[in-house]
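Worksheet: the structure to be examined is printed underneath.
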Amino acid sequence: MAEGSPTVRRRQLASALRRLRLDKGLTVEQVAELLMCSASKVSRMETAQRAATLRDVRDLCDIYGVSDQAERVRLMTLARQAKEQGWWQSFGLPYSTYIGLEAEAVAVKDFDSAVVPGLLQTADYARALYEAPLPEPSIPILTPELIDQQVAARLRRQDLLSRAGDRSELRLHAVMDEAVLRRVIGSPAVMDDQLTHLIEMSRERNVTIQIVPYSAGAHPALDSTFNILEFADGAPSVVYVEGLVGKIYLERPDEVERYLKVFGWLSDMALSPGQSAELMSAARSSSTGPLTVAYGGVLKNLH
């Protein structure tokens, strides 16, 4: 396995190659002509959609006039590491790019309005999501074997949260809408276990869980779900947005800043971590009907 994430290495290499081209004042088409390949190949290497080969990197270094041997070695090393296999690639997951980024992130800010974040799901909760009825017959149904594989991959991702003191331990700040606690996924027993797990995880020093209660009313992400991944050594953050239209990765500083502001607003609107744990406990022990919980002597109607 590569040192670190091959997904991140490929993106680092792509960014470096693009910067070298721009510094040289060349267009993608000009580089493609010099490299004797298509412009789309150069573009895909610069957007990390295609991993550059060692020969590509060597030739591009010549084209861009990279004479510093240490820099050439660094770029070649990135190219080698980008070709190696991360553990997740053998699972054939549709969101493998995200897992590759998550594997090297030092912090994740996650907002979910409908389901528990993957890093906090129990096996039974995750399985129930994969077994949910599909909206149309044209969407392939996952076999029991594939569901087992998907659940196993989701649980393995959670190792990032439990490596206490390890360099790769992840800090997770999850903000969820109260609807996540109220929607019964799988069965009442599955939800009971899931809520118990959330309460237990909220006690971990590297995990912060906040709930936006119904009483907060409208908020700036009612129709959205997103993750902000942050990296060490000043590497730029990435925003991951997922929905029916597909998966979107946002990396421009202004886009990332916008989502950071929204996440900050959501965190301010949400209950404190302690109050959120109380609400999760109340949701776990309640059945149906209105629920009223006191926070700091103030009664809040949470339905």
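Report the trypsin sites (Lys or Arg not before Pro) located in region 149-216 that are in a DSSP loop and have at most 11 other Cβ atoms inside 10 Å of their Cβ, or state none. Within region 149-216, the qualifying trypsin sites (Lys or Arg not before Pro) (loop, at most 11 other Cβ atoms within 10 Å) are 167, 203, 205.
Taking a virtual spin label 7 Å from the Cα of residue 189 along the C-beta vector, which residues in region 113-134 bring their backbone nitrogen under 17 Å of it? 122-129, by backbone N distance to the label point. Need one word for region 6-85: rounded, prolate or oblate. Basis is the Cα gyration tensor (sqrt eigenvalues a ≥ b ≥ c); a/c below 1.5 gives rounded, then a/b vs b/c decides. Note, shape of region 6-85 comes out oblate.
Within 13 Å, Cβ to Cβ, of residue 188, how many net charges do the neighbouring residues add up to if Lys/Arg are +1 and Asp/Glu are -1? It would help to have the intermediate numbers written out before the result.
Numbers: positive: 182, 183, 284; negative: 124, 192, 193.
Net of charged neighbours comes to 0.
Taking the Cβ of residue 40 as the centre, find all other residues whose Cβ is under 12 Å away and add up their charges (Lys, Arg: +1; Asp, Glu: -1). Walk me through the numbers on the way to the answer.
Numbers: positive: 41, 44, 50; negative: 29, 46.
So the environment of residue 40 carries a net charge of +1.
Of all lysines in the structure, the ones whose alpha carbon falls short of 23 Å from that of residue 24, not counting any fewer than 8 places away in one chain, are 41.
Full extension of the chain segment joining residue 235 with residue 156 gains 26.0 nm, where the gain is 0.36 nm per residue of separation less the Cα-Cα distance. Listing 201, 36, 45 from fewest to most neighbouring C-beta atoms within 10 Å gives 36, 201, 45. Projected over every direction and averaged, the convex hull enclosing the alpha-carbon atoms of the chain yields 18.5 nm². A crude spin-label estimate for the pair residue 73 and residue 204, with each label 7 Å from Cα along the Cβ direction, gives 3.8 nm. Can you list the residues of region 1-41 with backbone N under 17 Å from a point 7 Å past the Cα of residue 89, pointing along Cα to Cβ? What the label zone holds, given the 17 Å backbone N cut-off, is 1-14.
For a test of the definition: using alpha carbon positions, the gyration tensor, and the 1.5 limit on a/c, classify region 140-270 as rounded, prolate or oblate.
Rounded.
Prolate is the label for region 1-140, because the ratio a/c of its alpha-carbon gyration tensor axes (a ≥ b ≥ c) is 1.5 or higher and a/b is greater than b/c. Count Lys and Arg as plus one, Asp and Glu as minus one, and take only other residues whose Cβ is under 15 Å from that of residue 151; the net charge is then -2.
Laboratory data are not the source of any read-out in this text; all were calculated from the coordinates shown. What you are looking at is a predicted structure, and each value in this text was computed from that prediction instead of being measured. Every residue, glycine among them, receives a Cβ derived from its backbone with ideal geometry; neighbour counts consider all protein chains shown.
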